[in-house]
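The values are calculated or read from the model by the stated rules, or taken from the named source; none is laboratory data. A quick note: this is a predicted structure, and the numbers were derived from the prediction, not measured. Heads up, the Cβs are rebuilt from the backbone with ideal geometry, glycines too, and the neighbour counts pull from every protein chain shown.
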């Protein structure tokens with residue numbers, strides 16, 4: 001194969017779970033260490049990811065250049081998803097092997113893998129400032145369909161009187177209670193039914209998110225109740241490893257949802273302010289979150305009202321495979 005005028009042997013092969021685990025971690029850590037919200041991964045953390053209910057390595061591919069590991073891509077098919085949509089994820093080429101056409105071949109093989117498994121549409125993700133990545137996807141016909149924002153708020157002075165519903169009771173969720181885990185699973189699925197790329201989350205996935213996900217330890221979740229009826233929830237978490245590696249004091253609003261009949265009456269503001277105070281009380285200086293700019297609930301307006309501003313934009317790209 002001749003790539004970029006250089007005769008070389010490029011081999012793209014399936015990932016071998018177990019024997020390729022160290023390779024995956026090495027590529028991930030080398031290629032994503034300059035992202036401000038991503039930290040280095042350990043083998044133990046990868047094993048926990050592999051234990052997730054929806055994990056699949058069927059479309060994970062490794063690139064080798066003249067026998068040396070050079071990069072990877074994940075042509076991911078979400079097993080429980082009914083619509084024929086796949087995802088091009090974790091596209092990465094080690095710095096010493098870039099500008100040789102490896103990334104393009106990885107995307108090509110990923111798309112072939114998705115099509116072979118019956119996918120009709122492919123989504124991909126990139127930060128808005130990764131021009132080379134955007135250009136690479138664009139060469140295949142991917143186009144931007146929506147933007148997501150990473151937002152940041154200082155916790156030095158948490159606002160009040162922003163329309164929060166003070167009549168709502170906020171109570172802590174017991175993550176060791178099967179009843180509370182089931183409640184969170186139900187509320188999450190009901191609150192996000194209208195959202196982009198939604199599919200119902202299984203109870204096992206909710207339990208994994210709360211108790212097994214490697215990045216956020218010591219999560220705290222809360223329910224909003226009106227007349228003892230749960231109408232919303234918010235979750236907070238801290239990635240200690242990220243804070244230590246990047247010298248940060250970031251806490252995260254992991255998720256927030258309000259049932260449709262109770263929206264626009266201050267429940268979301270009440271939950272957001274509560275979550276921010278929880279993070280401040282454990283020494284965090286900033287609260288962080290992600291939001292779909294086209295969120296049907298106009299959530300970004302709520303976040304701005306309680307002090308969040310956009311720190312960075314991420315793009316979702318799409319390609320029809322038919």
Could you grab me the full set of residues in the stretch 92-145 that are within 24 Å of residue 311 (Cβ to Cβ) and assigned to a strand (DSSP E or B)? 92, 123, 124, 125, 126, 127, 144, 145
Subset of the stretch 236-246 [within 14 Å of residue 213 (Cα to Cα) and either assigned to a strand (DSSP E or B) or without any contact (Cβ under 8 Å) to a residue 12 or more places away in the chain (or both)]: 236, 237, 238
Boolean, residue 164 is farther than 30 Å from residue 13 by Cβ, over 24 Å from the mean Cα position of the chain (by Cα) and part of a helix (DSSP H, G or I): no
Scan 77, 25 and give me the residue that is farther than 25 Å from residue 142 by Cβ, surrounded by 14 or more Cβ atoms within 10 Å (Cβ to Cβ) and in contact with a helix residue (DSSP H, G or I) (Cβ under 8 Å, 6 or more places away or on another chain). 25
Count of the stretch 243-254 residues which are at negative phi and either surrounded by fewer than 23 Cβ atoms within 10 Å (Cβ to Cβ) or not assigned by TED's automatic domain parsing to the domain that holds residue 195 (or both): 8
Select from the stretch 171-200 the residues that are surrounded by 19 or more Cβ atoms within 10 Å (Cβ to Cβ), touching a helix residue (DSSP H, G or I) at 6+ places or on another chain (Cβ under 8 Å) and not in a helix (DSSP H, G or I) and list them in ascending order. 173
Given (1) closer than 20 Å to residue 52 by Cβ; (2) in contact with a helix residue (DSSP H, G or I) (Cβ under 6 Å, 6 or more places away or on another chain); (3) not in a loop (DSSP other than H, G, I, E, B), where does residue 224 come up short, assuming only one miss? (1)
Checking residue 8 against (1) surrounded by 13 or more Cβ atoms within 10 Å (Cβ to Cβ); (2) at pLDDT 95 or above, which test does it fail? (2)
